[in-house]
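Report on the structure given below.
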Amino acid sequence: MASQTEDPRIDEITSTTTYVLLYRGTEPLYVGSTARPLKRRLSEHKKEATRRNTPLYNALEELDLDEMTIHPIPLLSEKEALEHLSEVTLNAYETPGAEYEGPDWSSDMVDVLEDADTDQEAADRLDLPYHVCYDARRKLGVAEENSGYTVVDWSEWDDQLGTMTDNELAKKIGCTGANVTRRRNELGIEPFADRGGRRLDGDTVRAIWVRYWAYEEASYSSVAERFDVLRSTVGKIIRGDTYADIEKPSKVAIEAKKAYAQG
């Protein structure tokens, strides 16, 4: 088997590409560089179109995003491309060229990327984040750009939401954990996230509220440790994202606990 330095597939995964965004095929909007697949970078630009106050994103709010395309500029660095196109692009400033940030790939790992039937299978076998394997498999050309998104017939799975962790159910379905989480939140189903897989009872939820608000030094982490739950569980309770059906403790109860804590 070839060593890492001799394996061109690793160079393919870790390479960065200078690109230009074009509007209607001729009007350059933006020059950048990325270590991700170009189609994914284009999708990110579209999603971010209304989220940042820069000339590019302000302009995209007024444009038909379906008319925007992305094209590699293989012979120029981002800096060189900007020097050629700076007068007509909407770059707010010159950004440093992208660098690949990810695992140190070996030939054996790349073999798994190519052998796996799905991105999730590759992520499980390599113990890597899903998005890392998603990007790598597309740069290798072993998966289509949109093939990582599974269309789920939720009528078959809705009754199992919340009965196990989202990632466990995702593996049974063959989709991503994020897909399951999104569906569960849409239906207002509590997560199976507390240690031991239990739903907290009302007394425990109220005790979490009281302890968080009564102790000045209390944090999500300290309260989570006290009640043996996840930090994220405490945060969601305090923000009202979960257990909204449980009546909150009275101000009197909180003040009484606060006086006790300070005494």
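The values are calculated or read from the model by the stated rules, or taken from the named source; none is laboratory data. Keep in mind that what you see is a predicted model, and the values were worked out from it rather than measured. Ideal geometry is used to build each Cβ from the backbone, glycine not excepted, and the neighbour counts take in all protein chains shown. Surface accessibility is based on the protein's heavy atoms, side chains included, excluding ligands, DNA and RNA. Shrake-Rupley method; radii C 1.70, N 1.55, O 1.52, S 1.80 Å.
Brief remarks on what is shown
- Residue in the range 1-21 that is outside any loop (DSSP other than H, G, I, E, B), modelled with pLDDT of 75 or more, open to solvent by 50 Å² or more (accessible area, probe 1.4 Å) and touching a Lys or Arg at 6+ places or on another chain (Cβ under 7 Å) present: yes
- Unique residue being under 26 Å from L187 (Cβ atoms), touching a helix residue (DSSP H, G or I) at 6+ places or on another chain (Cβ under 7 Å) and at pLDDT 80 or above when the list is A123, A136, A143: A123
- Subset of the range 76-93 [modelled with pLDDT under 75, part of a loop (DSSP other than H, G, I, E, B) and either touching a strand residue (DSSP E or B) at 6+ places or on another chain (Cβ under 9 Å) or polar (S, T, N, Q) (or both)]: S86, V88, T89, L90, N91
- Residue list for the range 229-263, restricted to those being open to solvent by 60 Å² or more (accessible area, probe 1.4 Å), in contact (Cβ under 8 Å) with a residue 40 or more places away in the chain and outside any helix (DSSP H, G or I): E247, K248
- Among residues of the range 202-213 that are more than 12 Å from R226 (Cα to Cα) and touching a residue at least 24 places away in the same chain (Cβ under 8 Å), those with a beta-carbon under 9 Å from a residue that is open to solvent by less than 20 Å² (accessible area, probe 1.4 Å) and not aliphatic (A, V, I, L, M) at least six positions away or on a different chain give the pairs G202/Y243; V205/T242; V205/Y243.
Here's the yes/no breakdown for (1) part of a loop (DSSP other than H, G, I, E, B); (2) more than 16 Å from R40 (Cβ to Cβ):
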residue: D111; (1), (2): no, yes
residue: E114; (1), (2): no, yes
residue: D117; (1), (2): yes, yes
residue: R125; (1), (2): no, yes
residue: L128; (1), (2): yes, yes
residue: D135; (1), (2): no, no
residue: R138; (1), (2): no, no
residue: V142; (1), (2): yes, no
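- Within the range 24-50, the residues that satisfy the criterion of being in contact with a strand residue (DSSP E or B) (Cβ under 6 Å, 6 or more places away or on another chain) and open to solvent by 20 Å² or more (accessible area, probe 1.4 Å) are P28, Y30, S33, L38, R41, L42.
- Any hit, the range 55-72, residues being among the small types (G, A, S), assigned to a helix (DSSP H, G or I) and modelled with pLDDT under 85: yes
- Within the range 177-213, being at pLDDT 75 or above, closer than 22 Å to K248 by Cα, open to solvent by less than 80 Å² (accessible area, probe 1.4 Å) and of a type in the set (A, V, I, L, M, F, W, C) holds for I189, L200, V205, A207, I208, W209, V210.
- Matching entry among D117, D111, D166 (being acidic (D, E), over 16 Å from I13 (Cβ atoms) and surrounded by fewer than 17 Cβ atoms within 10 Å (Cβ to Cβ)): D117
- For the range 210-228, the candidate set comprises residues that are part of a loop (DSSP other than H, G, I, E, B) and in contact with a helix residue (DSSP H, G or I) (Cβ under 7 Å, 6 or more places away or on another chain); within that set, the residue that is nearest to A256 (Cα to Cα) is Y215.
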